[in-house]
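What follows is calculated from the coordinates using simple rules that are stated; it is not laboratory data. Note that the coordinates shown come from a computational prediction; the quantities given were computed from them, not determined experimentally. Reconstructed Cβ throughout: ideal geometry from the backbone, glycine too, with neighbour counts over all protein chains shown.
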Amino acid sequence: MPQLSRRSLLKLAGLGTAAGTAALGARGAYAKAARPEGGAGQAIDAMQHAAHTMGPVGRVGADRFNPTTYLRSWNFSHLPPAERARFYRETPRPDGSLVREFELFAVDREIEIAPGIFFPAWTFNGQVPGPTLRATEGDRVRVTFVNQGSHPHTIHFHGWHPPEMDGSLPEHQVMPGDRFVYEFDADPFGVHLYHCHAVPLKRHMHKGLYGMFVVDPKAARPAADELVMVMNGFDTNFDADNEVYALNTVANHYMHEPIRVEVGALVRMYLVNVTEFDLINSLHLHGMFFDVFRTGTSLTTSERTDIVMMCQGERAILETRFRYPGKFMFHAHQSEFAELGWMGMFEAGVRRDT
Ligand SMILES: [Cu+2]
């Protein structure tokens, strides 16, 4: 079988221009018949062409993992109370802090990352990224990890912890069918991550075993509309190169379902880069600037910009207020990543008090 480049694979899959154009043949014919005469009609055709040269055709099923729900969910808050209690419990301590107990399991699962493109993932709790864990500085975090997968796995948390909790050494491997309890104090505050640290690391990472770990400062940050955003990519033909890129796993999801925010309200984005195989990834937001808090470990912004670049494992908190109503595009500023799925929209609306 001839070697496929990631470009030709994507075209076959309908993500690129060739198959996408064929799939849109009927729609193109309709547009042609309906278009008005003259320059304006040509402009509309040009726009339609531009629109279908980027991004997948069709939609990904959202019944198993919905990136819109994932955005504003942490500590299993998206689950009904009884089900949530199976995976997350909190117990107050005399000093006012909490013991936060989490149940995570590794399981092999095929996930849909672009319309009709299924990826044989290794997941935490059946989803990629894994569930977002959130604690307050000084809380006790206790994570019971059960490996229901087919390979040895671990959980490696970023943050302060003793060496036996690091999940990185050969003796830390949790074999299929085994369990391990990770326990440490949440420190420092910031936006962190957790991921499997079994070898080969890049395979275990890119297969989907990662998630966000947010630690809030004891004196809470100002109230905001908070969003969990993970930049990731998928090597669908296992040639150590990504064919699909996304924010929160599903290529172009937020193009179809823009992230709704409110004009004037503080929006806080927790952003992590877990993209494997590429040295960097980035987020660029159109039409505005945002404050950057690198690793989220300071309450003072270090930078005001409209683009932030990150190595794998790097993360930041981004804060902004939308000044104007309407749609604002955001995407990786590596154009190739954007065209292969890492692109989305915000839609800012004006609140109407009723
Ligand atoms: Cu692993």
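Among the residues of region 109-118, are any within 14 Å of HIS195 (Cβ to Cβ), part of a strand (DSSP E or B), touching a strand residue (DSSP E or B) at 6+ places or on another chain (Cβ under 9 Å) and of a type outside the set (D, E, K, R)?
There is no residue in region 109-118 that is within 14 Å of HIS195 (Cβ to Cβ), part of a strand (DSSP E or B), touching a strand residue (DSSP E or B) at 6+ places or on another chain (Cβ under 9 Å) and of a type outside the set (D, E, K, R).
Going by the structure shown, is HIS78 touching a helix residue (DSSP H, G or I) at 6+ places or on another chain (Cβ under 6 Å), away from the ligand (no atom under 16 Å from the Cβ) and free of Cβ contacts under 8 Å to residues at least 40 places away in the same chain?
yes
Restricting to region 140-154, name every residue that is within 13 Å of the ligand (Cβ to nearest atom), more than 22 Å from the chain's Cα centre (by Cα) and among the hydroxyl-bearing types (Ser, Thr, Tyr).
Selection gives SER150 alone.
Which of the strands (runs of 3 or more DSSP E) contained wholly in region 155-274 include at least 2 residues that are under 23 Å from the mean Cα position of the chain (by Cα), away from the ligand (no atom under 16 Å from the Cβ) and not charged (D, E, K, R)?
190-195, 210-216, 225-234, 244-247, 259-262, 266-273
Would you confirm whether any residue within region 91-108 is in a strand (DSSP E or B), farther than 21 Å from SER168 by Cβ, among the charged types (D, E, K, R) and within 14 Å of the ligand (Cβ to nearest atom)?
Yes, region 91-108 has at least one match.
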